[in-house]
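Peer 1: Okay, handing you the structure first.
The values are calculated or read from the model by the stated rules, or taken from the named source; none is laboratory data. Only a predicted model underlies this, so the values are computations on that prediction, with no experimental measurement involved. In this analysis, Cβ positions are derived from the backbone assuming ideal geometry, glycine residues included, and neighbour counts consider all displayed protein chains. Remember, those area values only see protein heavy atoms, side chains included, never the ligands or the DNA or RNA. Shrake-Rupley method; radii C 1.70, N 1.55, O 1.52, S 1.80 Å.
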Amino acid sequence: MKSLPLFPTQVIGSLPRTQSVRALLFAGMEGRMKRSEFQKRMDEHIIFAIRLQELAGIDIISDGEWRRHHYVEEFTDRVGGFKRDIIVGREGILFPGVVGKMFYDPSEPIFYRDAQFLVKHTDRVPKFALPSPYIIMRRYWSPTESTRAYPSRESFIEHLSEILHHEALAVVKAGVKLVQLDDPLMTYFCDPDYASGKRILADTGSFGKVEDELTLAISHINRVFEGVEARRQLHCCHAVYKRQSDVKGHYSPILKHLLKARVHDLNLEFAYKGTGTFNDLKGYPKDRGIGVGSVDVRSANVPEPADIVKLVDGVLKHVAPKQVLLNPDCGFAPHHGEPPQVDEAFNKLKALADAAHLLRLRAKGKDIRKLMRRKKHGPVSHRYHLRTET
């Protein structure tokens, strides 16, 4: 981690799946391919995902989460106890629900091999993301379907935290240097309609006081991270679905709770309208990093590096440069069917890396005003020009 430059760049986790990755995932899910053959073919695709990020200039690398058909349901499928299509969500979408006890053997962790493969195939900082126990509890525990296995949501989240704690330890043992927990559900409390109970997520039971919910979520995030000797991050986005956010609202109503998480960095959204604002960061702790969401993954438009620099300048009014990491607002495709394409993600990551390069030049006293005025012309990268002309 000490080798990271100023304004390090990172992905949140997922990249869009190519059509070949989607076909491979379906072949594996439908049992049309032996597990060993699936792993062999997916390994080849994962190397491509890693090289894509490296070529774009990203400093902190994931495996693109291409082995997962969904960032949560890969986990629920592997621990067992879940039944598909029993919880009704937004637009009538059906989610799995827990109906039986989860099974987990700490001597055979779920994601150890995936993390080990990532570490082996990059010389940059490897990062691995896991779902938080709170999002799984809120989305997959049903008051009508789950009580035989877990009489209360609290009993469910306690078991989830125990399992995810072992998973976090396992990926660090595999060599991962940065572990991130994903929790879009806490960000729903930024939305007044959801926080007041006027709007519900799904048929997963009502919640009590918002303060109590956030305390429950953070306490179990801290349980997962106990003894995890790596850089720890909490990512809270406004949930992406078909290029739209589920909710809106600034971070200020929940930020004091997020800061109770025992993590090194909070990864928050700032590029997408209706989410975070720079004023949310007033009084932000000086010993806490901030992953600045500065590329909108919902819009197909690729930002100019100069626009990203201007956005980061708004953040720098409240935090020091050494606290800032640059990342997209969210994962590009938390589900295998999300619409972004790989080329779009690559161009956005290159723009992010170019913006970081400009910020580093300025930090060294260079005048970047001319470079800030340069526009892209077609698909040709301007990163090469930045490197040679400065």
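Peer 1: When you scan the stretch 19-26, do you find a residue that is in contact (Cβ under 8 Å) with a residue 24 or more places away in the chain, open to solvent by less than 30 Å² (accessible area, probe 1.4 Å), touching a strand residue (DSSP E or B) at 6+ places or on another chain (Cβ under 8 Å) and of a type outside the set (S, T, N, Q), even just one?
Peer 2: no
Conditions tested, residue by residue: (1) assigned to a loop (DSSP other than H, G, I, E, B); (2) modelled with pLDDT of 95 or more; (3) out of contact with any Ser or Thr (no Cβ under 6 Å at 6 or more places or on another chain); (4) surrounded by 13 or more Cβ atoms within 10 Å (Cβ to Cβ).
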residue	(1), (2), (3), (4)
L201	yes, no, yes, yes
F207	yes, no, yes, yes
L214	no, yes, yes, yes
E229	yes, yes, yes, no
R232	no, yes, yes, yes
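Peer 1: Go through (1) outside any helix (DSSP H, G or I); (2) free of Cβ contacts under 8 Å to residues at least 24 places away in the same chain; (3) in contact with a Lys or Arg (Cβ under 9 Å, 6 or more places away or on another chain) for S219 and report which single condition fails.
Peer 2: Looking at each condition in turn, S219 falls short on (1).
Conditions (1) part of a loop (DSSP other than H, G, I, E, B); (2) open to solvent by 10 Å² or more (accessible area, probe 1.4 Å); (3) out of contact with any Gly (no Cβ under 7 Å at 6 or more places or on another chain), marked per residue:
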{"residue": "A129", "(1), (2), (3)": "no, no, no"}
{"residue": "I157", "(1), (2), (3)": "no, no, yes"}
{"residue": "H165", "(1), (2), (3)": "no, yes, yes"}
{"residue": "A168", "(1), (2), (3)": "no, no, yes"}
{"residue": "T187", "(1), (2), (3)": "no, no, yes"}
{"residue": "D193", "(1), (2), (3)": "no, yes, yes"}
{"residue": "K198", "(1), (2), (3)": "yes, yes, yes"}
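Peer 1: Quickly run through the stretch 64-98 and pick out the residues that are in a helix (DSSP H, G or I) and either open to solvent by less than 50 Å² (accessible area, probe 1.4 Å) or farther than 23 Å from Y150 by Cβ (or both).
Peer 2: E73, E74, F75, T76, V79, R90, E91, G92
Peer 1: Would you check if K101 is open to solvent by 40 Å² or more (accessible area, probe 1.4 Å), in a strand (DSSP E or B) and among the basic types (K, R)?
Peer 2: No: the conditions fail for K101.
For every residue, the table says whether it meets (1) crowded, with 21+ Cβ neighbours inside 10 Å; (2) in contact with a Phe, Trp or Tyr (Cβ under 8 Å, 6 or more places away or on another chain).
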| site | (1), (2) |
| --- | --- |
| I221 | yes, yes |
| V224 | yes, no |
| K256 | no, no |
| K260 | no, no |
| A271 | yes, no |
| T275 | yes, yes |
| K282 | no, no |
| K286 | no, no |
| V297 | yes, yes |
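Peer 1: Sort through I61, I50 and tell me the only one that's surrounded by 17 or more Cβ atoms within 10 Å (Cβ to Cβ), touching a helix residue (DSSP H, G or I) at 6+ places or on another chain (Cβ under 6 Å), hydrophobic (A, V, I, L, M, F, W, C) and under 30 Å from L6 (Cβ atoms).
Peer 2: I61
Peer 1: Okay, next question. Let me confirm something: among A345, A271, A351, which residue is in contact (Cβ under 8 Å) with a residue 60 or more places away in the chain and either assigned to a loop (DSSP other than H, G, I, E, B) or touching a helix residue (DSSP H, G or I) at 6+ places or on another chain (Cβ under 9 Å) (or both)?
Peer 2: A345
Peer 1: A further question follows. Spot the failing condition for K310; the list is (1) open to solvent by 40 Å² or more (accessible area, probe 1.4 Å); (2) among the charged types (D, E, K, R); (3) modelled with pLDDT under 95, and only one is missed.
Peer 2: Unmet for K310, out of (1) open to solvent by 40 Å² or more (accessible area, probe 1.4 Å); (2) among the charged types (D, E, K, R); (3) modelled with pLDDT under 95: (3).
Peer 1: Next question, about the same structure. Name every residue in the stretch 293-342 that is of a type in the set (S, T, N, Q), within 19 Å of the chain's Cα centre (by Cα) and under 30 Å from A23 (Cα atoms), in order of residue number.
Peer 2: Selection gives S299, N327, Q341.
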